[in-house]
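What follows is a single structure, written as structure tokens, with notes after it.
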Amino acid sequence: MLSCDVLIVGGGPAGSSCAWRLCQAGRHVVVMDRAAFPRDKTCGGWITPAVVEELELDLEAYAADRVLQPVLGLRTGRLGGRMLTTRYAQPVSYGIRRCEFDHYLLQRSGAQLELGQALTALERVGDVWQINGTWRTPLVIGAGGHYCPVARRLGADPPTTATAVLAQEVEFALTPEQEAQCRVEPEVAELYYCRDLAGYGWCFRKGRWLNVGLGRLDRHGLVHHVSEFCRTLQREGRIPVDLPQAFHGHAYWLYEHSPRWLVQDGAMLIGDAAGLAYTYSGEGIRPAVESGLMAAQTILDARGDYRAARLHPYEQQIRARFGTRRGVPPKNGRLRQTLTGLAARLLFSSAYLTQHLLVERWFLRAHEPPWRPRRGMCTTH
Ligand SMILES: Cc1cc2nc3c(=O)[nH]c(=O)nc-3n(C[C@H](O)[C@H](O)[C@H](O)COP(=O)(O)OP(=O)(O)OC[C@H]3O[C@@H](n4cnc5c(N)ncnc54)[C@H](O)[C@@H]3O)c2cc1C
């Protein structure tokens with residue numbers, strides 16, 4: 001058997017961020033992922049500037065041979081209704097392609113990579129884990145996304161009516177003719193709320209790549225809503241009539257209603273495995289990165305004692321950062337609960353409310369500075 005200090009299952013943004021910070025502090029970290037990287041991930045590929053800061057990304061170096069689309073504005077409204085555009089002088093977000101972004105972060109992390117290997121066995125022997133009959137480690141991190149095998153093997157989800165977001169997305173390269181005709185500005189991301197406010201669609205251009213998708217809390221109507229969304233965008237000349245690929249779907253939990261545990265003896269969950277995405281926007285990359293960094297801080301502070309009580313500070317930090325979980329979600333989502341018909345009309349027709357509430361507070365979370373490790377955090381052996 002081989003040994004490592006920490007074994008992380010899942011090499012998405014949560015797993016690679018945690019590994020990066022632990023490797024900086026000299027820990028021997030293994031990241032196991034069932035996929036061979038670069039791999040794609042169903043996602044809009046929108047990251048906020050906080051992610052750039054938290055990961056200390058050198059954007060110039062990143063963009064040298066990868067797609068990085070600065071976003072200088074948002075066009076928002078209800079599907080079929082009047083759209084308002086909020087513009088900024090500086091980038092307020094960036095468009096990335098997940099196949100490139102995740103690969104870059106994982107390579108940069110410094111972890112030993114075990115790719116193309118799914119978790120098949122997880123056994124507790126004394127106070128260590130034996131994984132796939134090959135690895136021994138005192139600490140396993142579940143970073144395997146919504147269907148994380150660590151989350152599921154170490155405790156089925158409790159009975160709950162919590163609904164996950166279900167979203168569908170397609171990303172493809174526009175042909176030169178389509179690019180010339182496309183009415184979506186690369187610097188302006190477009191967000192279209194469903195008329196019943198139970199979800200929203202997006203249309204996001206990253207250079208010659210176009211990403212189109214829609215997510216909702218009620219999964220039954222999803223296919224119908226995606227079709228209606230596409231027909232509307234096609235009528236308006238915003239997406240090509242002949243989409244070259246089929247939509248891919250994926251689920252994930254919003255933080256407030258996630259039923260997932262966070263720590264156990266010798267085990268922690270981060271990112272989508274823990275169900276941390278922001279409730280209003282569905283943004284999940286920033287919570288994945290922040291939880292990965294918070295977990296790393298707790299691990300370093302625990303100095304090799306990984307009983308649940310020693311890992312508890314991670315749970316406290318998550319609560320302090322993301323708030324209290326509320327359990328059962330309101331029918332069809334928070335936005336619908338918050339906005340009655342009249343308030344919704346006011347929000348979508350007011351440039352002031354759109355900018356300050358919808359765009360800056362709910363989507364960009366501009367009021368929340370990037371997460372930083374506490375001063376004096378243990379970063380060496
Ligand atoms: C359609 C859609 C659009 C989205 N758009 C955005 C957006 O624009 N911006 C944003 O911030 N968030 C977005 N999100 C949410 C975001 O994609 C997730 O929150 C984010 O990817 C979570 O990162 P993670 O590292 O926790 O998990 P993931 O990125 O899902 O990574 C999990 C990793 O675990 C691996 N894995 C799974 N099972 C196993 C196993 N058995 N053994 C080993 N490895 C395993 C997988 O291969 C994968 O690499 C979107 C989600 C969806 C569904």
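The values are calculated or read from the model by the stated rules, or taken from the named source; none is laboratory data. These numbers come from a predicted model, not from an experiment. Cβ coordinates were reconstructed from backbone atoms using ideal geometry, including for glycine residues, and neighbour counts include every protein chain displayed. Accessible surface is based on the protein model in full, side chains and every heavy atom, while ligands, DNA and RNA are left aside. Shrake-Rupley method; radii C 1.70, N 1.55, O 1.52, S 1.80 Å.
Can you compute 3J(HN,Hα) from phi for each residue in segment 344-356, using the Karplus curve 6.51 cos²θ - 1.76 cosθ + 1.60 with θ = phi - 60°, rounded to whole Hz and x for Gly and Pro?
After applying 6.51 cos²θ - 1.76 cosθ + 1.60, I find 5, 4, 5, 4, 6, 9, 9, 5, 5, 5, 4, 5, 7 Hz.
Average projected area of the Cα convex hull of segment 185-276, in nm²?
Mean projected area of the Cα convex hull: 8.1 nm².
Could you do me a favour and compute the accessible area per residue for segment 1-146, 1.4 Å probe, result in Å²?
Spelled out: the 1.4 Å probe surface of segment 1-146, per residue, equals 38 Å².
Any idea which of Ser109, Trp209, Phe322 is furthest toward the positive side of the dipole for the chain, if Lys and Arg beta-carbons carry +1 and Asp and Glu beta-carbons -1?
Phe322
What FRET efficiency, computed as 1/(1 + (r/R0)^6) with R0 = 25 Å and r the Cβ-Cβ distance, is obtained for Thr120 and His248, rounded to the nearest 0.05?
0.50
Looking at Leu74, Thr42, Cys4, which one has the Cα that reaches farthest to the positive end of the dipole of segment 1-90 (charges on Cβ: Lys, Arg +1; Asp, Glu -1)?
Ranked along the dipole, the leading option is Leu74.
Using alpha carbon centroids, what distance separates segment 278-318 and segment 155-226, in Å?
Each part reduced to its Cα centre gives a spacing of 28 Å.
Working only with C-alpha atoms, what are the Rg and Dmax values of segment 64-141, expressed in angstrom?
21.7, 62
Provide the per residue accessible area, probe 1.4 Å, for segment 155-225, rounded to a whole number of square angstrom.
41 Å²
About the Cα centre of the chain, what is the dipole size in debye to 20, counting +1 per Lys and Arg Cβ and -1 per Asp and Glu Cβ, all else neutral?
My answer is approximately 980 debye.
Quick one: what does P(r) look like for the chain with 10 Å bins over all Cα pairs, in whole %?
5, 24, 33, 24, 11, 3, 0
Check Val67: other-chain or 5+ apart residues with amide H under 5 Å from its amide H, H built from backbone geometry?
Correct list: Arg97.
I'd like the orientation of helix 222-235 relative to the chain: the angle between its Cα long axis and the longest Cα principal axis, in ° from 0 to 90, rounded to 10.
Computed tilt is about 40 degrees.
Keeping all protein chains in place and using 1.4 angstrom, which order do Cys182, Cys203 fall into by accessible surface area, from largest down?
Cys182, Cys203
Counting other Cβ atoms within 10 Å, which trypsin sites (Lys or Arg not before Pro) in segment 11-98 have at most 13 and lie in a DSSP loop?
Arg82
Measure off, as a whole percent, the carbon and sulfur share of the 1.4 Å-probe accessible area of the chain, all protein chains present.
It is 51 percent, rounded to a whole number.
Between Ala309 and His28, what is 0.36 nm times their sequence separation minus the Cα-Cα distance? Round to one decimal in nm.
98.9 nm
Between segment 97-136 and segment 11-37, what's the alpha-carbon centroid distance in Å?
7 Å
Of all the Cα-Cα pairs you can form in segment 100-243, what percent are over 27 Å apart?
That fraction is 48 percent.
Residues of segment 22-42 with amide nitrogen under 14 Å from the 7 Å Cα-to-Cβ point of Gln107?
The answer is 37-39, whose backbone nitrogens lie closer than 14 Å to the label point.
Given the -39500 (n - 2.57) contribution per DSSP H run of 4+ residues, what per-residue ellipticity at 222 nm results for the chain, rounded to the nearest 500 deg cm²/dmol?
The helix contribution divided over the chain gives -8000 deg cm²/dmol.
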